[in-house]
Each structure stands twice: as structure tokens, then as C-alpha cells.
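Trainee: Could you have a look at this structure, given as C-alpha cells, before my questions?
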Amino acid sequence: MITGGASTHSDHGRGVAEVLLLAARGEIPGYTIKDEKKLLMVAEVFDVPTEDRKIEDIAVELAKKCLEEFSKDEPLAFLKRAPESRQALWQEKGITPRGIDKEVVEAMSATLMGNSLDYKEIMDIGTRAALADGWGGSMIATELQDILFGTPKPLRSKVNLGVLKEDEVNIIVHGHEPLLSEIIVMVSKQQDMIDYAKKHGAHGINIAGMCCTANEVLMRHGIPLAGNFIQQELAIITGAVEAMVVDVQCVFQSLPQIAQCYHTKVITTNRRAKIPGAIHIEFDEHDAIKSANEIVRLAIENYPKRDNLKVDIPDEAIDLVAGFSHETINHMLGGTFRGSYRPLNDAIIDGRIRGVVGIVGCNNPKVRHDHIHITLAKELIAKDVLVVSTGCAAMAFGKAGLLLPEAAKYAGPGLAEICETVGIPPVLHCGSCVDNSRILIAASEITNIGGLGNDIGGLPACGCAPEWMSEKAIAIGQYFVASGAPVLFGVGFPVTGSGMSDLLFKEYWDEYNACWAVEPDPYKQAEILVKWIDSAREKLGIKEKPQRVLYDMAMRRELKF
Amino acid sequence: MFEEITVCPATQAMLQKAKDENIKTCFDRVKDQRAVPLVIQGDAVGFAVPDPVEYRRKRLIQKRVCVVPQQMLLLPKTLCG
């Protein structure tokens, strides 16, 4: 399961690196370098010289170095972002990941019948593959996408099926990669395309997102979210979707069958994710504008076929604020010139923020949709725990109004004070599932700033995937645990009742200062997560809120330095 | 009516619409907790098994049967019309 998740995130990262290379060479229309500052920052990590060089040349060299990350024999470049103590631990345990492809292939090879029969060894090999995902493939995807499409900044948008419009051509972009959807968004705003839509009786073109493709275009363009994973069939059932354009991951095979009941065209765009019954328009990065034009035109031409008697768009569409990249959080806390996590660390140390929990991951149709996410988040923020979120979990929070600064009313007094002062919601939307790498970077930054120990392991921070269902969640969970953040899963777990569970649920505490746990009930989940946070606070010596004492002159004279 | 399935009112409304139009969604497929037979890769017959314990048991006892994990339950048995 780890290799499945690691492969797909890393394949995503490779695709973005290839596009960056072509874009920097000027070989593909539609793509440019949008964030030069980020390019220079990432170039430094990869030891790419930047002085007196053209931006395009730096980007070419960076893209090539990123592509080398998939096959090289040395440790991955982004690993140096982790705290030194964690890097040393990985080295000591022999789990420092090398080339991403190598780690995945080795893990697959080890699980072949007759190969590794030692579950601890298999898990170590799997851990290398997971780390190669989090600190490799996923981080490459996130960072290079920021370079190509811009680093997200806070913006307002809307979420839920009510974002679909009765009088416009509705196109849903669904899946996980922004490479094509970015261009679809661009093409749909062109006047000739809007005129073409009007010629077919529509008032305009409405792009809405589903799953993590939605998160990608939301974070950078404010494109509204139609819904999360489980709502993909239901979007078609509104009867108002002209085209559902899917790329990779989390796409139901049932979509074309449900679409047959309406006029909706389901369009697959990636050879890795074809579906019987769908129209396939291969995304060609060499001419993405052509692919996007074809798709948007097909949707527009489908608009007159809509059966208005079958159309029923729910009213629900709630405002949200998204776009909390690592850089944005840094900036919001410390300002333009003194961007830093220091204020966050101080707030954690003085107890106004008890800790940080990343609630991430999927929906699972086996549990009450969105319920566990929302209940858990409300429980945590009421206890002064700041929640950071990605993926379908973030969309659940959006639908519940938790991604608005006004949701500070649900937070405990300490967290509410921070939210009101900084102007942030108590639940921060950090992006798509590859953007969990942003959380790794943030955790490393919090450690490097100082005051909360010298490692991610031991921070009052943990992760949770309450409604998980995908192999990707397992890969993410494992790289978080191996990076030092305890991880709690809901629903159920593929491994229980064996030596393996002892390893994952107990022994990992000694190995990684973090471990796995499983609990389906959201209230009990909150208890476990707060217990982990409080335990970390106790070990750091910050469990008790420091009393504010007004020193008089005599007391000051007694101070010893 | 669909409150026990989802807390999202828009989702509830669309589930009602799906029911009215006799369309099965992923919720219906999962509610039906039986193993769903499906054919994958030529003659190999697989079963989507929702319960991980059951999944392991089947894998152990049915060597000739390809068993796929719970995610595959999202494969369709969609009816409409």
C-alpha cells in the first residue's frame, strides 16, 4: 500500500518536473515560471548556482536535478530540510531514501513471494519508499507547481455543489494534477471561448473542482470547490454538469455509467487513468492549450443537450478562505521582512496554542460522510489545537464553515485570540494531498526556529486521517511517523492483531518518537491526539501555562543570569 | 432521510435525487457489504472484500482467486433509468 501511494505522488512530481523543464526551455505554450523567488529558494536546496544566471537556465538545471532524484544513489536533496537530528536517525536506521524509483522498486521486490519474510525489514524498506514520497516525489510536485503556477496566498472562494450554475456551462475538473486544469481555467476565461458559450445559449463558463485537482486550482485561482471525493457522482446527478474532466487518482469507475443517465461527458485525460465508457482526450503537455480548447469546446457544445427537467442544483455553497502555504503562514505570522514561525512557537510555548494537528485525507463511504472530520476538528479547536488540513478533509471543513476566520468562535480562548489577532481561521487549508509536504516543511521550520526541542519527534504536533480509504494515506501516514509525527487513522486499519501491529502501534515510539494508532470514534480520536500533544508538552516542560508575574525592582535585583 | 449517511445537506439532497431516479451511488454499493464479484484480467475472478480481515482470510484460502482490497468496492454496479 505504501508503494502504491508513493508511486502515484511521485509520478505526479515527475510530471511536474518534466513540464518545468519544457517550460523553461520555452518549448510548451501556456506554461511560464510564475514564482521566481520560489525558484531561487528551491534551486539553493539543490545546489543549483543562481548568481548572474537567467531564470530560465536556473529552471532547466533545477528541473534536471529534480528528475535525477528519481534514480540517483545518494540521499534525496530535500532531506536536508529536515532537522539534523532526524536526518541522523534515518542514517543510523539505514532508511535514508535514495532515488524515488529505486525505493519503490525495492519495496515491491521485497514483497514478492519468497523474498523478505521479516516484517520489520519489509517495514524499513517500505519506510524508505514512504520517505521518498514525502521528502521526494510529493515535495517535488508541490514546490515545482508553486514555481510554475504561483505559490498560494490566502483567497476567498466557495465550496459545495451549489457552486454549479444553472445558466452557465459547468465543467468539473477532478483528480489530482493541476497541469491540465490550470490551462483549462486559462482557456475558459478567454473571450472567444465565452462568446462560443453564449452562442450555445449559456451565459458563461463555470469551472468547479472536485478532489485534489480542485484544491490545486482553488489555492492558486480561487476556483470554487464542487465537493470532495464522495460527491463526484452526485455532481453529475445534479444534471447540470456538461463535462467532468478527470486526470488521475480517486476517480470512480462508475462515473461514465452515471453520466449516461444525463447529458454529462466524462473525459479522461491521462493514460494512467482511463475508464471504459469515457471519452479520452490525452493531455499533451507539448500542446496543453490544444487539449484544453478541445475539452472546453466539447463541454460548451454539450450545453444545449442539458435536460432542464433533470436539473436540480442544491443551494448550499459556503464561503471559505484557502491558500495557506508554508510561505504564507510564515508571512502572516512574522510579516514581510521578519517572516518567521517564531510567533507560532511562542504561542505554543505560552500555551495559547496547545499544539497542531494535521487532519488530512479522504472520504470513506463506509462512515458517515464528513461527520468524523468536522466533529474531530471542532473538538480540537475548542481545546486550543490549531488544525492544518489538506485534501478532502479540508473540503469537509470548508462545507462546515471552519475555513473562515469567523470560525474562531468555535475555538478555545487561546487559539481564538491568535486567530483574531492574525486574521486566520482556526483550520488552515494547506492544499492537496501532495501538499502534505508543506506540513513537513512547516514542522521542520518550527523545530529549526527553536524553543520546542530539536526534532519533529517530540513536537506537540500530530497527524490524523479520520476517513481515509486510499493507499496514498498509508504512504503519507508512514512518512509522517518516520519523520517524528504520531499518526491516528479512523475507519480501520489493514494490519491488526499481529507482531506488525506491535511494531506500528507501540515499538515505533522507541524507534521514531512517533507511532500509529487507530480509532474510529471522533471524540476518542480527539482524546488520543490531545493526550499525545499534552505528553509532548510535558516532555518539553511547557505543559503548565506560565503565570504572568509583574516584577518589581526588588525581584529584578534577585534575578540571576 | 440521508442524515445517517452524511452531514452535508447538498449531499443528502442529491442522494434523494439519485434514489428518485433509481441511480445507485457509492453509498449503495458500500451499504451492500457483500463481496462484489468482478472480472479482472482475463479469466481471473476477483472479489472486492470490504473487511480487511476477511480480505486476508480469502487471500489465504483462495489461492486461485484474485482478491482486491476494499477500495475496489467503489467499482460500479450502477443502475439508472
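The values are calculated or read from the model by the stated rules, or taken from the named source; none is laboratory data. Since the model is a prediction, treat every value here as computed from it, not as a measurement. Every residue, glycine among them, receives a Cβ derived from its backbone with ideal geometry; neighbour counts consider all protein chains shown.
Trainee: Restricting attention to segment A:327-376, which residues are at pLDDT below 95, of a type in the set (D, E) and under 22 Å from the mean Cα position of the chain (by Cα)?
Mentor: A:E327, the sole residue that qualifies.
Trainee: Continuing with the same structure: Look at segment A:257-276 and say how many of its residues are within 23 Å of the chain's Cα centre (by Cα), crowded, with 24+ Cβ neighbours inside 10 Å and not in a loop (DSSP other than H, G, I, E, B).
Mentor: Total satisfying the criteria: 1.
Okay, residues lined up against (1) away from chain B (no Cβ under 14 Å); (2) surrounded by fewer than 24 Cβ atoms within 10 Å (Cβ to Cβ):
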position	(1), (2)
A:K399	no, no
A:L402	no, no
A:A411	yes, no
A:E417	yes, yes
A:V422	yes, yes
A:P425	yes, no
A:D435	yes, no
A:N454	yes, yes
A:L459	yes, no
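Trainee: Pairs, please: C-beta under 9 Å, at least 6 apart or cross-chain, first residue farther than 17 Å from A:N345 by Cα and in segment A:530-553, second at pLDDT 90 or above and in a helix (DSSP H, G or I)?
Mentor: Pairs that qualify, where the first residue is farther than 17 Å from A:N345 by Cα and the partner is at pLDDT 90 or above and in a helix (DSSP H, G or I), are A:V530/A:E379; A:V530/A:L380.
Trainee: I would also like to ask the following. Can you tell me which residue among A:A208, A:A235 is under 20 Å from the mean Cα position of the chain (by Cα) and touching a residue at least 24 places away in the same chain (Cβ under 8 Å)?
Mentor: Answer to the check: A:A208.
Trainee: Consider A:L144 carefully, then state whether it is within 21 Å of A:E511 (Cα to Cα), aliphatic (A, V, I, L, M) and more than 14 Å from chain B (Cβ to nearest Cβ).
Mentor: no
Trainee: I would also like to ask the following. Take the conditions on the phi < 0 side of the Ramachandran plot, within 14 Å of another protein chain (Cβ to nearest Cβ) and polar (S, T, N, Q) and apply them to A:T238. Does it pass?
Mentor: In short, yes.
Trainee: Next question, about the same structure. Limited to segment A:81-112, what total is found for residues that are in a loop (DSSP other than H, G, I, E, B), more than 25 Å from the chain's Cα centre (by Cα) and within 20 Å of A:E471 (Cβ to Cβ)?
Mentor: Here the count works out to 2.
Trainee: For segment A:139-159, does any single residue satisfy the condition of being part of a helix (DSSP H, G or I), over 19 Å from A:V16 (Cα atoms) and not polar (S, T, N, Q)?
Mentor: no
Trainee: Could you name every one of the helices (runs of 4 or more DSSP H) located completely within segment A:346-450 that has at least 3 residues being within 22 Å of A:A536 (Cβ to Cβ) and in contact (Cβ under 8 Å) with a residue 40 or more places away in the chain? Step through it out loud before you land on a result.
Mentor: On the way: elements: A:371-382, A:391-399, A:413-422, A:436-449.
Qualifying helices (runs of 4 or more DSSP H): A:371-382, A:413-422, A:436-449.
Trainee: Out of A:T238, A:T268, which single residue is among the hydroxyl-bearing types (S, T, Y) and touching a strand residue (DSSP E or B) at 6+ places or on another chain (Cβ under 7 Å)?
Mentor: Of the residues listed, the single one that is among the hydroxyl-bearing types (S, T, Y) and touching a strand residue (DSSP E or B) at 6+ places or on another chain (Cβ under 7 Å) is A:T268.
Trainee: Next question, about the same structure. Cβ-Cβ below 8 Å, separation at least six or inter-chain, first residue in segment A:495-522 and in contact (Cβ under 8 Å) with a residue 60 or more places away in the chain and in a helix (DSSP H, G or I), second of a type outside the set (F, W, Y) and surrounded by fewer than 14 Cβ atoms within 10 Å (Cβ to Cβ): which pairs?
Mentor: Listed by first residue and then by second, the contacts come to A:L503/A:K120.
Trainee: Now a separate question. Only one residue in A:T264, A:T268 is of a type in the set (S, T, Y), away from chain B (no Cβ under 14 Å) and free of Cβ contacts under 8 Å to residues at least 40 places away in the same chain. Which one?
Mentor: Working: A:T264 fails: away from chain B (no Cβ under 14 Å).
Within the list A:T264, A:T268, the selection yields A:T268.
Trainee: If A:T496 meets every condition in (1) loosely packed, with under 15 Cβ neighbours inside 10 Å; (2) closer than 16 Å to A:E121 by Cα; (3) within 14 Å of another protein chain (Cβ to nearest Cβ) apart from one, which number is that one?
Mentor: A:T496 satisfies all of (1) loosely packed, with under 15 Cβ neighbours inside 10 Å; (2) closer than 16 Å to A:E121 by Cα; (3) within 14 Å of another protein chain (Cβ to nearest Cβ) except (2).
Trainee: Ok, one more. Collect the residues in segment A:363-373 that are surrounded by fewer than 24 Cβ atoms within 10 Å (Cβ to Cβ) and more than 9 Å from chain B (Cβ to nearest Cβ), keeping them in residue-number order.
Mentor: Matches in segment A:363-373: A:V367 only.
Trainee: Spot the failing condition for A:A485; the list is (1) surrounded by fewer than 16 Cβ atoms within 10 Å (Cβ to Cβ); (2) not in a helix (DSSP H, G or I), and only one is missed.
Mentor: Failing condition for A:A485: (1).
Trainee: Under 6 Å by Cβ, and 6 or more places apart or on different chains, what pairs join a residue from segment A:160-188 that is free of Cβ contacts under 8 Å to residues at least 40 places away in the same chain and within 14 Å of chain B (Cβ to nearest Cβ) with one that is part of a loop (DSSP other than H, G, I, E, B) and of a type in the set (A, V, I, L, M, F, W, C)?
Mentor: The qualifying pairs do not exist here.
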